[in-house]
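Read the structure below first, then the notes.
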Amino acid sequence: MSFRFTIGKKIGTGFGILILLIFVVFGATFVAVNNGIQTFKKNDKTSNELIHNLTPSKEEVVKLKSLIIESRQLAVQWANDQTRNDVGFKIRLKHLINDDIPNTIEDLHGLSKLWEAKENSEDDIDLLNDISDNIVKLFEQYKEIMKLLPDISSYDDPLSFISVRLITDQNGEVVNLISRINNNLIRLQNSIETKEKDALSLVRTSSEESRSQFQSLSLYWWLAGCSIIFAILIAIFTTNTIVKPLNKLRDVILSLGKGIFPEKLVRVRNDEVGDMSNAIFELVGGLQKTTDFAREVGQSNFSAPYTPLSSEDELGHELLKMRDELAETERILEKKVEQRTEEVVKQRDENERQRLKLEDLYKAVTASIRYAKRLQNSILPPENIINSICPDSFVLYKPKDIVSGDFYWFEKLGSKNFFASVDCTGHGVPGAFMSLVGANGLNAAIRVNKLDSPAAILNNLNTFVSESLNKSHEENHIRDGMDISLCAIDYEKMELYYAGANNPLYMIRDGKVMVTKPDKFAIGSFEPDTNTYLEHKIDLQKNDLIYLFSDGYADQFGGEKGKKYLYKRFRESLLEIADKSMSEQNVILDKRITDWQGSFEQVDDILVIGVRI
C-alpha cells in the first residue's frame, strides 16, 4: 500500500512544529519576564520609599529649620519693637508656635514610623525626639517673652524689658536652644540624604539588571520571528494544497445547486480532495444525463431513452414514472383544453356584453350628475352680481367632485349687502341636494320674508331646513344640516353684521387677524325656536379685509408628512398676502393649496370668500 500524505498529516506535521517553537519561546519569555517583574517590584518598593518617605522627610526637616530661624527672628523683633499684640509679626510668631512648627513636628513623627526598617533608624528617631524636646523648651521661652511683654505699656517696665533681652541675646537661652535644634536638624538631614542616595543607587542597579535580563530575550525574539515566518509558510501551504482546491469544489457544488454544470473540474489528487473530486465527477455526469432526459420529456419527447444509474437510483426510477404519467396527463389535458376553449369563448362574449352595459350605465349616471351641476350652478351668483354687491372681492371655489356640498351666496336688501359661505353635510350628489335646500332657504329669508338681520336669517333658515327635510317627525329624522358664516355690510354706515353656525369670521386690520367665533350648533341640528343665533356688530375701517370659508381648505392633507394644512397656517397665509389685490390673493391661495395637496387626494370641497372694504 503506497504512502498517502493526507490532509490530516499535512496539517498535523506543520502545526506540531509550530507548537514546539511556541512552547520554547513562551517558556524562555516567561522566565525572563518573571525575573524582570521581581526586579520591577523591588525597584517600585524603593521608588515608593523615596517618593513617600525619604524625600518628604528631607523636605519637612528643611522646612522645620526655616520655621525655627523665622521664629527666632520674630522673637527678637518682639523683644525690640514696642508695638501692640495685633501687629503682623506677633500674630505670625503665635501662628508658628501654635500651628506651623507643631504640625511639621507631627508630620515628621508620622514619617519616622517608616524609618524603623532602615539602618541607623534608632539614631534618627532619637535625634527627632531630642529636637522635639528642645522645641518644647524653646516654646516655653517664647511664651515667657510674650508673658513679660504682653502689651505696649509692659515695654516701659525696665525689669521685664531686661529679662526679655537676656533671654534673646547672643548668650541667651533662646539662641542656645535654637543652636542645639539646628545641629540636630543638620545631622538628621545628612542621615536622610545618605539614605536617599543609597535608594537612588539601588534603583539604578535594579534598572541595569532589568535591562540586561530583557536584552537576553533577543534570541527568543528571533525564535519567535522564525515561528511567525514558519506559521505563514504553513498558512500558504495549507491555502495552496487544501483551501484553494476545496474552494473550487465548493464553487462546483454551488453551481450544481443553481442548476449550472461546471465547464472545468478540479484536478484529481492522491488525498481526500481527490476522492471528493472523483465523487463530484460521477455526480456531474449523472446529473447531466438526467438533465438531458428531463429536457426531452419537457419537449414532449416521451420516447427518449434513459437508464437509471443503479437499482437504488430513486431519482432515475421516479423520472421514468414521471415520463409515463406526463404522457397520459398531456393526452387528458389536450382534451380538456378543447372543452375549456369553447367555454372561455362563451364567457368572453358575455363579459363584453356586460362591459358595454356598464359603460352605458356610467355614461347615463355621469350625464345626470353633470345636469345636476348645471342646476347647482344656477343657484350660484354670477361674477357681475358678486362685483355689484362686493366690488373688491374674490371667491375661491374648488368642488371635490363634479357637484359640491359647498356654495356661496350673495344678495342685496336695502343698504345692506349680504354674502355667505355655506358648507352642507357631505359632498358630491348628497351635498349638492343640501346646497339647493340651503340656497332656497336663504333666498326665501331675503326675498319673501324681507329679513335684514344675519341672526334672524339663520334662525329662519334652520326652520326652513327642518321643515324641508321633515326633521320634526321622529320616523323621518335625517342627520343632515349645514355650517354657515353670513355677513351683511352697510357701506354707508361702515358697519358689518355677522352670524355663524360653526364657521367663524376672520378680519385683518393693521397686520393682525381678528377672529369672531360662531355659535357651535349647525343649521338643521335642532328643533326650531329651541336655540337662537347670536349676531355680532363690527365697526369697519377703510382697507379692512373680511374672509369667510368652509373647513375644506384647513382640512386638506398634504405637505412632506401628509398632515392637515390647519387653521393656524391658513391665518398666516392670509396675513402674508393681505397687501395683495383680491384677484392676486385668489390666485395665491389656489396655488398654495394645490402645492400643499401634491399627490394627495382632495378630501373635501374648498370655499374661501375674501372682501376688502
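The values are calculated or read from the model by the stated rules, or taken from the named source; none is laboratory data. Note that the coordinates shown come from a computational prediction; the quantities given were computed from them, not determined experimentally. Here the Cβ positions follow ideal geometry from the backbone for every residue, glycine too, while neighbour counts run over all protein chains shown.
Whenever a residue of region 107-130 is under 18 Å from Asn183 (Cα atoms), its partners that are at pLDDT below 75 and loosely packed, with under 14 Cβ neighbours inside 10 Å, lying with C-beta atoms within less than 9 angstrom and at least six residues away or across chains, give the pairs Glu122/Glu116; Ile125/Glu116. Against the condition modelled with pLDDT of 90 or more and assigned to a helix (DSSP H, G or I), how does Asn417 come out, does it pass? Spelling it out, it is not the case that Asn417 is modelled with pLDDT of 90 or more and assigned to a helix (DSSP H, G or I).
For (1) of a type in the set (A, V, I, L, M); (2) touching a Leu at 6+ places or on another chain (Cβ under 6 Å); (3) outside any helix (DSSP H, G or I), each residue gets a yes or a no:
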{"position": "Asp100", "(1), (2), (3)": "no, yes, no"}
{"position": "Leu111", "(1), (2), (3)": "yes, no, no"}
{"position": "Tyr142", "(1), (2), (3)": "no, no, no"}
{"position": "Ile145", "(1), (2), (3)": "yes, no, no"}
{"position": "Pro150", "(1), (2), (3)": "no, no, yes"}
{"position": "Leu166", "(1), (2), (3)": "yes, no, no"}
{"position": "Asn171", "(1), (2), (3)": "no, no, yes"}
{"position": "Ser179", "(1), (2), (3)": "no, no, no"}
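Name the single residue that is surrounded by the fewest Cβ atoms within 10 Å (Cβ to Cβ) among those in region 521-549 being at pLDDT below 95 and closer than 30 Å to Gln597 by Cα. Looking at the filtered set, the residue picked out is Phe521.
Take the conditions closer than 30 Å to Glu467 by Cβ, more than 51 Å from the chain's Cα centre (by Cα) and of a type in the set (A, V, I, L, M, F, W, C) and apply them to Phe526. Does it pass?
Criteria met by Phe526.
Residues of region 99-158 that are touching a Lys or Arg at 6+ places or on another chain (Cβ under 7 Å) and surrounded by 15 or more Cβ atoms within 10 Å (Cβ to Cβ): Thr104, Lys118, Leu127, Asn134. Being within 30 Å of the chain's Cα centre (by Cα) and modelled with pLDDT of 95 or more, is that true of even one residue in region 577-596? Within region 577-596, one or more residues are within 30 Å of the chain's Cα centre (by Cα) and modelled with pLDDT of 95 or more.
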